[in-house]
Structure formats: C-alpha cells, structure tokens
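The values are calculated or read from the model by the stated rules, or taken from the named source; none is laboratory data. Quantities reported herein were computed from a predicted structural model and do not represent experimental measurements. Cβ placement follows ideal geometry from the backbone for every residue including glycine, while neighbour counts extend to all protein chains displayed. The accessibility values were calculated without ligands, DNA or RNA, using every heavy atom of the protein model including side chains. Shrake-Rupley method; radii C 1.70, N 1.55, O 1.52, S 1.80 Å.
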Amino acid sequence: MKRIMSGNEAIARGAYEAGCTVAAAYPGTPSTEILENTALYKEIYSEWSPNEKVAVEVACGASIAGARSICAMKHVGLNVAADPMFTMAYEGVNGGLIIITADDPGMHSSQNEQDNRYYAPHAKVAMVEPSDSQECKDFVKYAFEISEKFDTVVLFRITTRIAHSKSIVELKERCEVGVKEYKKDIEKYIMIPAHSRVKHYEVEERLLRLQEYSNNCPLNRIEWGDKRIGIITSGISYQYAKEVFGENASYLKIGMSYPLPDKMIKKFAKAVDKVYIIEENDPYLETYVKSLGIECIGKEFIPICGELNPDIIRRALLPVKEKNIYRVDIKVPSRPPVLCPGCPHRGLFFAISRYKDIIATSDIGCYTLGMMPPLNVADAMICMGASISAGVGFKKAAEKAGRDSKVFGIIGDSTFFHSGITGLIDAVYNNAPIVTVILDNRITGMTGHQDNPGTGRTLMGEEAPIIDIEKIVKAVGIKDENIRVVDPYNLEETQRAVDDAYKAVEPFVIITKQPCTLIKEVQKRRFNMYCKVEDERCKKCKACLRIGCPAITFKNGKIAIERSMCNGCTLCMQVCKFDAIEKVGE
Amino acid sequence: MTKSILFVGVGGQGIILASKILTEGLVKFGYDVKMSEVHGMAQRGGSVTTQVRFGEKVYSPLIGVGEADVLVAFEKVEAARWISYLKEGGNLIVNDYEIYSMPVLIGQEQYPENVIEELKSKVENVKIFNAAEAAQNIGNIKTQNIVLLGALIKALGLENLDWEGIIKENLPEKMQDENIKALKFGMNI
Ligand code: SF4
Ligand code: SF4
C-alpha cells in the first residue's frame, strides 16, 4: 500500500515495521511528530520523557533489556542527551538502539544551527542519513540491523526538510522480532574504568568493521550519469543536487555517513573529472574527502549558513541565467509570531512590563514571544532550563558590580520539568534573590500541545499522576511567604504578586495558573466568552493596545475586538480606564 | 513536467489542510508528489507557507525564487511578500482579505493601501477575489481555504478529477457538504 507521509511519520512507521517496542522523546521541532506517531501503534510503548537525556536513558535501558528501541530529539536536544550517548557507545546494545537527531538548517524554530553529523565521529557511533520519506522508513530497519550486527548505537540524522516534507511511502507489515533475552554481563553494561579501558579498544576495532560495511552496504550507492561531474552528497542535499543536475552528473549518494566509505569515495573520485561536494551547513563530507587526498569543490561555493535549496546550488555551481522576477513597490509590513489572543502569559508579561528596570532571563517556549513589542519583556534566552540558572549568574555578577538589578527568570511548566528544577535548586542553595516565574499553562505549548508530567495524561492517552509544581517549589526550599500562585487573567492579583516579588530579598517564586487558550477543551469552554468595545465610551487612548492582543485592532480611527479571535480573557477590559470594554457571554 | 505550487498566508487560515487535500488528491491521481510545510513559531500569528510539487518524478520539495507555477495567497499582503517566488507568466491567486500583524496593530508599521492595484499592475495572470466573504456566504468562513483550493485546481486545469471524493476521504462527515460547496464555488470563479 502506498501512502503520502512526512519523514517523521515514515520513521515511526519504520520503527513499527522493524519490530521496535520502546520509544521515548521530549518534544522539539522538527522531531516532535516521530513520537506522536509511534504512539499510534499499540505495539510500541511510547513516552514523553521530561528531557532528552532521560529519553535516551530510557531507550538505553530498554535496549539492554533486549528491546529494539528509539529515542528522538531536535538537534539541541542531543546536547542535553550527549552524556548517556557517549557512554552507551562503549557499552553497545542488546536490542537495536537508534538515537534520532532532527537538525534545523535555516533555524525555522531553533536557537542555533548546529550540524549534528559531527556527533557520530565524536561519540564513535554509526550514523545514517535518509533523503526522503521512503528512505526514512527503510533506513530505520537498516539502522536496527547495523546496531545489532555491530553492537553499536546508531545515530539517525534528519533535517527539517526531511522531517516535515511529505512524499510517497510503500507500507509493509510489521516484523515481530520480540524482546531478546537479557544476560547479565557487567563488563559490557557497567562502565567502571577497568571495563571502559577494554571497551575503548573494542570501539575502535568496531569502527574499522563498520567502515568496511559502509564501503559495501546498500545505503551508500553510486548513480552513474555524465562523468564530467561527480557529486558526493547526502540527506536532502541529494534531492537538491538531482533537481539541479539530473542526468548531467554522476552521484555518490551517502546514506551511511559515519564511518564514511573511503574506498567507494576513492573509486568514485577516480572515475569522474571533477568532484563536487553538495552538503548543507558544515563541510562534514568535504573535510573527509579532502583528508583522503582528493581534490574537490564545496564550501568555497556552497554556503555554510542557512538552509540549502536547488536555487543556491544552481547559482553556486552553474552559469547563471538571470530570470525575470516579479517585484511590487509596496512596503510589506513584518509579521512576527506573537502571543495568541487570550494567551494566559500576557497578564504576567504586562505586569512585569510596568517595571522598566527588571532584567528578565527567558526560556524556550511560547513565552519567549513576550520579548516582542509592545510587551518587550526579556533580556536573554539561551537554552531549555537556562532562564533560572542564567538569572542566578546575572544576579551574582550584578551584585559584584554593586548594581541593584532585579532579575526575573521566566520558564514554562514543561521546561521547568525538563531542566528548570535544577536551576531553582541552585537559586535556593546559593541564595540568589531572584524571582522565578513558572508559567503553568498545563501543556507543552510551542511544539503543539504535547502532554507533560503536569497534564495528568501520558503520550499513550492513559491517565497519569499530576506532578505538583507548587510542592516541588516548596520541597526545593522556597519559603511559603515567598511563593505566589496567581491567575494571570486577574491583572490585579498578578500585579500584586509581581510587586511583592520585586521587593523580595530572598529567592521568590510566582506560579501563574491558567491553561493554554488553544487547548481544545478550553476553546470549547470559552467559546461564548468574548469582549466588545462600547464605541461611545471609548476615548481612543489606546491603553488596551499596550497588552499586545492580536484580537484588538485600531482600524479607521476605531478600536475594535475581533470576535472570532477573542476568548474573553478580559485583560483588555481590566486595562481600560474608561470602562469602554465589556464582557459578553459566560 | 514538474509543477510547483506555493501557498502563503497567516497561521490559522487552514493552509496546511488545503495543501494536504491537494497532496492526497495528486497522489491518488497517480502523480509523484512532495509537500513541505512550516511548523513551530510561525504558527503563532506569523506568516505561514506550504509548498507542493508534483509531476512524474519529483526530487526537491522546495520551490526556488521565480519558480512557482501558481502562488496562492490567503492574505493579500502575503502575496506581496512572496511575489518573487512566482514564475514569469505564472498564476497568482489572491484572497482579497486583510489580517493585521502586531506591528501594524500597535501602529509601528503601516498596512499598505494599494496592494491589489499594485499586484494587478505587475502580474499578468491574476485572480483576485474575497474568498473569506464567499466562504461566509456558504455558511462558514473557515472554508475559505477550500474556496481558494478550488480556484487553484481550476488554474492547474485539474477540475475533471474527483476532488469531491478526496474531500470526503479527508474531512469528517459533518464538514463535507460545506467544503464541497466551497470547492465548487472556487472552481467556478
Ligand atoms: S478579552 Fe481582550 S485581551 Fe482577552 S482575548 Fe479578548 S481582546 Fe484579547
Ligand atoms: S483602553 Fe479603553 S478607552 Fe482606551 S482605547 Fe482601549 S477601549 Fe478605548
């Protein structure tokens, strides 16, 4: 049967067909849908883990127990998970183990543009790279086989265009491989120095065998065409190269990209007149090809920064025919993403924005958008969980400098569970009088509403205990009098909490509680709630615009609220001094 | 010959669903298809695009500047933003509909006034109409995406294929009638 599938759906399908039984991940664009799809197959136990390190560790444990297992993450997630991966590379596997890294060239929704192919040589694990959805599915099966045959972790590297593009996939039945027997083997599974010293030799020897395999495996293949140009490429870049050169070149398409097939590369280079390396971001292939003493053309023409596309390749490597491009003489206004209408984070940001001297260290999630005008709240944002710890650092440095900066670290519920807890422990332990704001909207918002330890449901749809953030905060050592739990739709209450926090001289925590406006049940519940402007009373002072709700417009000299967008959160109403905004519905 | 279609608009307008229905249909009718969509941040009121390429054999899921056979803009300023992607002589379909972005709402930037005239004066093959209003008349403004899809199908000359069947396969029953009406309306513009 043929189906149109995204790369992520196809990976999940591949895991299903290959008899995978355990999958774990923390959501992160562009990898999120992999686990959302494994969860649809009841044969695969699928979980959202609190963070990527935990996800890899769950998969490692499952592999040791004998199960084929996968874990998935976005590129920066692998930084969090690198620790277990590097040691599991020594331990090897029992059931096949795949770690998926979804890189984001072009940074469609990421904080940096790292090329995770370098993780494979660094950790000394095998790596595969599919170039479309069909290969996503097929390569998962190969990856499990490689993992079990060579006793290695396999890094499975995709990019945004692979993850989120759809193409045709041929479906097959599931092949039940079961869960292998587990035999106690402390020399393999307990990495005390005495064992790991031995293991390192095995790892090096394994890499040689893997390289032999790479030279002869079906994942790497040569497609002969015109031999004047020979293109070495992998992943999505292969599709772009084909689009541009078609039959006018020969290709060495690399599907197993660590270890790289040295003999195959030499053979290919010898047979063509000129070697081009077409790859996105870093010169990973190019550096290797050059190390073999082969002359090639690559990054001097193909850019390192940003996402690649056929047009860039064409302009870089072929004589340019200038096209006529349509242009209009209009100044197109920008359209940055913003907090949604009715977003529960808005009240908190509005309250903070009243203080011009607050330093806000922000985190990864929707609430990063609080940095946008008109709210303009956020001074720094680094990575998951860093809001609180960077806040501690900022505060300590400011104290040293004799500056009296008030620092607010702002983090979401899911991010708090991910890696915010340790930062809060640091703040308490080292007595950093910062304010931690935990925006609890009962969901993992930015990635599209995944469950987390606070939502009361698992990825497989089962009921789960709800982890109580307030209790954690208390357990960590924040004093009762330094905790405020507020409804961010209530501006007065929220403002009072921010005022108290501003004056506090000890570590302080504000928890805002109000579910994300996009949660289906919330939308249903609030369907008939909205606010409207009474024109006669409106003085057009535009105070309501300062909260930055996209449902409020100022068009043709009139303030109006777009009924279809408004969810009746009443924030604008609370801001209006002239009682010109009224609540409608219940 | 590979054909390339670029959908542009604003998060929440149903762009992803429209491109999904188109893609499902094209696969069903025997084409090789690649579709690429944008996720994440862009959905929070930001500018959204999806791309569909189809033909006998398709390699790249991406459309370059000056390469789209059809540009379907769900919002008129988005047409102006993406116009450079339209191939010379290609078809431009525009929903004559405004959605203000935050910088416009708070008065930091201006929403341009002459978008439609400007587009008409620069591009030969344009079809501009208010799909949102048409959808509202049909009974649900949310079907504006399918109205636009209908107009696209006509521009591609694929009206003879069974799109009603594809809609039925891809939408829950209670939404089918409205959407089929919307599709037909779009195809007749
Ligand atoms: S009540 Fe006001 S602030 Fe809240 S969603 Fe409606 S318009 Fe926006
Ligand atoms: S705050 Fe009230 S009076 Fe001022 S513009 Fe908004 S609705 Fe009108």
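From Cα pairs below 8 angstrom and at least 6 apart in sequence, can you work out the relative contact order of the stretch A:334-382, rounded to a whole percent? Show your work: numbers first, answer last.
Working: 49 pairs, mean separation 18.9, N = 49.
With pairs under 8 Å counted, the relative contact order is 38 percent.
Taking each full run of DSSP H in chain A as one helix, which ones are at least 30 Å long along their axis (Cα atoms) and have mean Kyte-Doolittle hydropathy of at least -0.5?
Details: long enough: A:193-216 (35 Å, -1.35).
The answer is none, since no helix passes both cut-offs.
Based on the alpha carbon coordinates of chain B, what radius of gyration and maximum Cα-Cα distance (Dmax) apply, in Å?
Final numbers for Rg and Dmax: 15.8, 49 Å.
Taking springs between alpha-carbon atoms closer than 10 angstrom, which of B:Ser84, B:Ser121, B:Ser101 fluctuates most in the Gaussian network model of chain B?
Comparing B:Ser84, B:Ser121, B:Ser101 in the GNM, the peak value goes to B:Ser121.
Looking at the stretch A:436-531, what % of its DSSP beta bridges pair antiparallel, to the nearest 5? Could you put the intermediate results ahead of the total?
Values: 2 of 11 bridges.
Counting only bridges with both partners in the stretch A:436-531, antiparallel ones make up about 20 percent.
Can you give the mean number of other chain Cβ atoms that lie within 10 Å of the Cβ atoms in peptide A:373-384?
Per-residue shielding by partner chains comes out at 1.
Over both sides of the B-A contact, add up the buried accessible area with a 1.4 Å probe and give it to the nearest 100 Å². Please list the in-between numbers first.
Values: alone 9790 and 26450 Å², together 31190 Å².
What B and A bury together is about 5100 Å².
Considering just Cα atoms, how many Å³ per residue does the convex hull of the stretch B:79-189 enclose?
Numbers: hull volume 14.2 nm³, N = 111.
For the stretch B:79-189, the hull spanned by Cα atoms encloses 128 Å³ per residue.
In the structure shown, do any of A:Lys53/A:Lys188; A:Lys396/A:Lys542; A:Lys53/A:Lys149 have a Cα-Cα gap over 32 Å, and if so which? Working shown, then result.
On the way: A:Lys53/A:Lys188 21 Å; A:Lys396/A:Lys542 39 Å; A:Lys53/A:Lys149 25 Å.
A:Lys396/A:Lys542, as the Cα separations exceed 32 Å there.
What average number of partner chain Cβ atoms lie no more than 10 Å from the Cβ of the residues making up A:237-243?
Working: counts 1, 2, 6, 5, 2, 4, 8.
Whole-number average of other-chain Cβ neighbours for A:237-243 is 4.
Filter the cross-link list A:Lys141/A:Lys520; A:Lys555/B:Lys154; A:Lys524/B:Lys127; B:Lys76/B:Lys184; A:Lys74/A:Lys406 down to pairs whose alpha-carbon distance in this structure exceeds 25 Å.
Numbers: A:Lys141/A:Lys520 36 Å; A:Lys555/B:Lys154 35 Å; A:Lys524/B:Lys127 37 Å; B:Lys76/B:Lys184 22 Å; A:Lys74/A:Lys406 33 Å.
From the list (A:Lys141/A:Lys520; A:Lys555/B:Lys154; A:Lys524/B:Lys127; B:Lys76/B:Lys184; A:Lys74/A:Lys406), the Cα-Cα distance tops 25 Å for A:Lys141/A:Lys520; A:Lys555/B:Lys154; A:Lys524/B:Lys127; A:Lys74/A:Lys406.
Measuring from centroid to centroid over Cα atoms, what is the spacing of the stretch A:29-62 and the stretch A:554-586 in Å?
If you average the Cα positions of each part, the centres end up 42 Å apart.
Students often check this: by mean Cβ neighbours within 10 Å, which of A:457-470, A:28-41 ranks highest, and how do the rest follow?
Values: A:457-470: 13.5, A:28-41: 24.1.
Sorting A:457-470, A:28-41 by mean packing, highest first, produces A:28-41, A:457-470.
What are the semi-axes of the equivalent ellipsoid of the stretch A:394-499, taken as the square roots of 5 times the eigenvalues of the Cα gyration tensor, listed largest first and rounded to whole Å?
Numbers: eigenvalues 153, 52, 35 Å².
Those come to 28, 16, 13 Å.
Run down the lysines and flag those whose C-alpha is under 18 Å from the C-alpha of A:Lys474, throwing out any fewer than 8 positions away in its chain.
A:Lys513
Set Lys and Arg Cβ to +1 and Asp and Glu Cβ to -1, take the dipole of the protein assembly as shown about its Cα centre, and tell me which of A:Gly477, A:Gly235, A:Met85 lies farthest positive.
A:Gly235
Just add up the charged neighbours of A:Asp440: K/R +1, D/E -1, any other residue whose Cβ is under 12 Å from the Cβ of A:Asp440. Display every interim value, and only then the final one.
Values: positive: A:Arg442, A:Lys513; negative: A:Asp413, A:Asp468, A:Glu470, A:Asp487.
Result for the neighbourhood of A:Asp440: -2.
Working from the alpha-carbon coordinates of the stretch B:1-53, get Rg over Rh, Rh being the Kirkwood radius. Intermediate results must be reported in sequence, preceding the final value.
Numbers: Rg = 11.6 Å, Rh = 11.5 Å.
Taking Rg over the Kirkwood Rh, I get 1.01.
For a quick check, take a GNM of chain B with Cα springs below 10 Å and name the residue from B:Ala68, B:Ala135, B:Ala80 with the largest mean-square fluctuation.
Result for chain B, Cα springs under 10 Å: B:Ala80 fluctuates most.
Select from the stretch B:63-104 all residues whose loss of accessible area on going from the chain by itself to the full protein assembly reaches 40 Å² or more (probe 1.4 Å).
For the stretch B:63-104, once contacts with the other chains are taken into account, B:Val65, B:Glu67, B:Ala80, B:Arg81, B:Ile83, B:Glu88, B:Tyr100, B:Ser101, B:Met102 lose 40 Å² or more.
Tell me, what % of the accessible area of chain B is carbon and sulfur with a 1.4 angstrom probe?
Details: 3350 of 7340 Å².
For chain B, the apolar C and S fraction of the accessible surface comes to 46 percent.
Taking the alpha-carbon set of the stretch A:194-337, what are its Rg and Dmax in Å?
Taking only Cα atoms of the stretch A:194-337, I get Rg and Dmax of 19.2, 71 Å.
Give the ranking of A:Asp440, A:Asp138 by solvent-accessible surface, highest area first, calculated with a 1.4 Å probe.
Numbers: A:Asp440 0, A:Asp138 50 Å².
Solvent-accessible surface, decreasing: A:Asp138, A:Asp440.
Tell me what the protein assembly as shown gives for mean residue ellipticity at 222 nm when only DSSP H runs of n ≥ 4 count, each as -39,500 (n - 2.57), the sum divided by the residue total, rounded to 500 deg cm²/dmol.
Values: 28 runs with 282 residues, N = 775.
Result for the protein assembly as shown, helices only: -10500 deg cm²/dmol.
In debye to the nearest 20, how big a dipole does the stretch A:310-357 give about its Cα centre with +1 on each Lys and Arg Cβ and -1 on each Asp and Glu Cβ? Walk me through the numbers before you get to the answer.
On the way: 10 positive and 4 negative charges, 15 e Å.
Computed charge dipole of the stretch A:310-357: roughly 80 debye.
For the stretch A:248-396, what is the accessible area per residue in Å², given a 1.4 Å probe and the full set of protein chains?
On the way: 6060 Å² over 149 residues.
Spelled out: the 1.4 Å probe surface of the stretch A:248-396, per residue, equals 41 Å².
Which whole-number percent is the relative contact order of chain A (Cα, under 8 Å, 6+ apart)?
On the way: 1251 pairs, mean separation 62.9, N = 586.
Here the relative contact order equals 11 percent.
When the dipole is taken about the Cα centre of the stretch A:391-544, and only Lys, Arg (+1) and Asp, Glu (-1) are charged at their Cβ, what size is it in debye, to the nearest 20? Numbers along the way, then the final one.
On the way: 23 positive and 22 negative charges, 106 e Å.
Approximately 520 debye in magnitude.
If you roll a 1.4 Å probe over the heavy atoms of the protein chains, what accessible area per residue do you get for the stretch A:450-497, in Å²?
On the way: 2570 Å² over 48 residues.
Here the residues of the stretch A:450-497 average 54 Å² of exposed surface.
Tell me which residues come under 5 Å, amide H to amide H, from A:Glu47 once H is placed; ignore anything under 5 positions away on its chain.
Those lying under 5 Å, H to H, from A:Glu47 are A:Ala23, A:Ala24, A:Ala25.
Run through every distinct alpha carbon pair of the stretch A:186-242 and return the Kirkwood hydrodynamic radius in angstroms, one decimal place.
Numbers: mean 1/r = 0.0675 Å⁻¹.
Hydrodynamic radius (Kirkwood, Cα only) of the stretch A:186-242 equals 14.8 Å.
Convex hull over the Cα atoms of the protein assembly as shown, averaged projected area in nm²?
Details: hull surface 140.4 nm².
Across all orientations, the protein assembly as shown yields a mean hull projection of 35.1 nm².
Pairwise over distinct Cα atoms, reciprocal of the mean inverse distance: report the Kirkwood radius of the stretch A:11-100 in Å, one decimal place. Write out the running numbers ahead of the final one.
Numbers: mean 1/r = 0.0804 Å⁻¹.
Hydrodynamic radius (Kirkwood, Cα pairs) of the stretch A:11-100 is 12.4 Å.
Using a 1.4 Å probe over the heavy atoms of the protein chains, calculate the carbon and sulfur portion of the accessible area of chain A as a whole percent. Display every interim value, and only then the final one.
Working: 12770 of 23850 Å².
Of the solvent-accessible surface of chain A, carbon and sulfur hold 54 percent.
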